[in-house]
Every structure is written in C-alpha cells, then in structure tokens.
Amino acid sequence: MSSFLQKMQDELDTRQAQGLLRQLPTPIGERIDFCSNDYLGFARKLRVTSPTSGGATGSRLISGNSALAEALEQQIADFHSAEAALLFPSGYAANIGLLPAVAGRGDTIVYDKLIHASLRDGIRLSRAKALSFVHNDLTDLVKKLQSTEGQVFVVVESVYSMDGDQAPLAAMVDICQQHGALLIVDEAHGTGVIGKRGEGLVSALGLEDQVWARVHTFGKAIGSHGAAIVGSQLLKSYLLNFARSFIYATALPEHTLLSIQAAYEALFTGSEVAILQERVRYFLANCPACLRTALIPSTTPIQAVICPGNAQVMKLAAHLQENNLAILPIRYPTVSQGEERLRICLHSFNTNEEIDQLLNILAASDFV
C-alpha cells in the first residue's frame, strides 16, 4: 500500500478508535420515523406524474430552461412575498453559489457560529473577511460588526438544524440597518414549518422587505430536493450571471419541478402545517420533568436531547432503535464536545401515541 493510501486508512482507523467514524445508517424501514426532515410527510404521500422521466439535458443557461421552471420560480416568489426566485439543484449549491457571488476580497461576512456547513463553505469560497458571533447573541453580533470592512453581510439561519431554536430576526434586522449590513437568512428548516402556511420565519414576522436574501430548500418539509434563493429581481439577475453553482449545474428535471409545485400547492391550505405545529405542542406539553432538563429549548419540530459523550449518545440511540424508534445520535464533531445529542424530528404523521411511546422510553432510560 502506498504511503498516501496508508495515510487514508490510518485516518479512518483513528476515527474508528475515537468513536467518530461515519457510516450509513440502517434504512428507517418499518420503524417509527423520528429522524427524517420530512416534517409534513410530503416525501411519502405526494405523488406526481411527469410527461418526461429523464433529466433536464443541460444547465438553465443552455438547454435546461423551461416554462415550468420559470412559472415555479414565480410561484415560489409569490408564496414567500418576494420579487423573484432562482432555482438551484440543492440547498448546498444555493449557499456555495450565493455567498461567493455577492461577497469577495475587501468585504466582510459576519455569521452565527452554528450556521450550516454549506454556508461555511460558501464563506470560504467568497474569500471575504469572516467573523463569527456567539449563537443568537445580539451583543456579540454588534461587537463583530464594529470590526468590518467593505460591504457587510450577516448570515444566519431562521431555525437551527441541530438545536431547533430560532434566530431573533426582528432585532437582527434593526441591527443590520444601523450598520449598513445586508441580512441573509437560510430558511432550510423554516420552510413548511414556521408560519400559518409554512412560509418561513421571515414572512411570518413580516420582514420580507428588510431581509436581503433568503434560501428556501426543498429537501426537508417540501419533500423533494433543490432550493431557491428569493429576493429582488436585481439579486436574481446578478446570481444568474455570477453564481457558479447555478451557471455550471444541470437544471432540476421536470418531475422534481412538479413535485415542488405540488408541495407548494399543498402548503397553501395550511392544514398540514397546523397538524405539525399541534404535534410539537403535544410533545412539549407531555414531556416529563426528568427529560425537560436535557432538552434544548425549542418550539419547532426539532427537539434536541443532550446526552454528553459519543459513546453514551450512541448507546441511547441504539436503545431507542431496539424499541422500533428511528432516531439517530448527533456526535462530535458535528456538535461540540459535551453537547452530543439525540436529534428528535417531529412530523405531522407522527401520532400522539407514538410521541407518548418515545417520551416514556426516554424517561425510563438510564441515559438522560
């Protein structure tokens, strides 16, 4: 074995010894789903038929554009009360396309320390000066804004994927306006979840005109894949010309566009969102006192149960899986050491009886 291949094996062996080796989990199968991001069950129940079953044949700028794609972008923009929307192949592609396109050397990106890895990668690709602030800490945000240069961007998520808490967006809007910063909000876990129709936290708070760009992804509550950046028509035109992950990527195929369209039509009634929000209320109302101290405060479908230590949280997850509950451990380095956790995802299709079963097993366990 060459020295390089041996180095690869050694690094994997080290991760294995530390309990950090990533492996594909067992498929959910017939277990009760408390781990997927399919909050509204759209991935399992929305079915669409498409006249074409193949790919889009090229990027949007060559052969992949369609009347359906343009109509869907307008539908998404209207739903989220924005001027325009631009589709991307994934949320990851949207984030690594947006930030390098708008920020560069001489500019500054100030970001919440808990933002998603795709946003961090986008920041690195931008080559802008980058400053992180303590999670949801407005005082630290203001402090960091005093050490900026060039055009300043503030990057946050509406709902944080590992904690389930929400950004204080109204206060952040005021701070950004005071410092001439442009606010970018990733609504990955707010889309389909927050607001009466799942329009996201920005729209639920009526802040559409104060937030410069939003990223709405479709691989979670929408039940499909892809993403859209929504904002002004100027922003859309600029990204169409300068976002490399849009320009050089094959467009989403027709069957995906139709699945996204169907999901937005289902969102419009608000019925599934209301059921989801009721499931969250039921979980919190019936959570036993012995478990509450381990929960990170959250009123969203993401409920994180802190169980420090990779080995400990893996044992707890295995115990739940043995009881037919699909819940996975979140380990270091995905989260900080000492903050390892179970990430419980509630869904509109989870029954109250299933939630009771989960809570009772957790309360009776020796791990929390």
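The values are calculated or read from the model by the stated rules, or taken from the named source; none is laboratory data. Bear in mind that the values here come from a model prediction, so they are computed numbers and not experimental data. For neighbour counting, all protein chains shown are included, and Cβ atoms are generated from backbone atoms with ideal geometry for every residue, glycine included.
Worth a mention:
- Screening the range 263-295 for residues that are β-branched (Val, Ile, Thr) and modelled with pLDDT of 95 or more and picking the one that is nearest to Ile344 (Cα to Cα) gives Val280.
- Positions within the range 304-328 being buried (at least 23 other Cβ atoms within 10 Å of the Cβ) and closer than 17 Å to Leu21 by Cα, in sequence order: Val313, Ala317
- Just one of the listed residues (Lys143, Lys113, Lys129) is surrounded by fewer than 23 Cβ atoms within 10 Å (Cβ to Cβ) and under 25 Å from Ile344 (Cβ atoms), namely Lys113.
- Picking from residues in the range 273-300 that are assigned to a helix (DSSP H, G or I) and among the β-branched types (Val, Ile, Thr), the one that is surrounded by the most Cβ atoms within 10 Å (Cβ to Cβ) is Val273.
- Test: Ala67 is touching a residue at least 24 places away in the same chain (Cβ under 8 Å), more than 15 Å from Ala263 (Cβ to Cβ) and assigned by TED's automatic domain parsing to the domain that holds Ser259: no
- Leu252 being touching a residue at least 40 places away in the same chain (Cβ under 8 Å), of a type outside the set (Asp, Glu) and assigned to a helix (DSSP H, G or I): no
- Gly19 being surrounded by 12 or more Cβ atoms within 10 Å (Cβ to Cβ) and assigned to a loop (DSSP other than H, G, I, E, B): yes
- Pick from the range 161-181, criterion out of contact with any Gly (no Cβ under 9 Å at 6 or more places or on another chain) and touching a residue at least 60 places away in the same chain (Cβ under 8 Å), ranking: nearest to Ser90 (Cα to Cα): Ser161
- Among all residues of the range 105-116, there is at least one that is farther than 15 Å from Ala213 by Cα, of a type in the set (Asp, Glu), assigned by TED's automatic domain parsing to the domain that holds Gly180 and touching an Asp or Glu at 6+ places or on another chain (Cβ under 8 Å).
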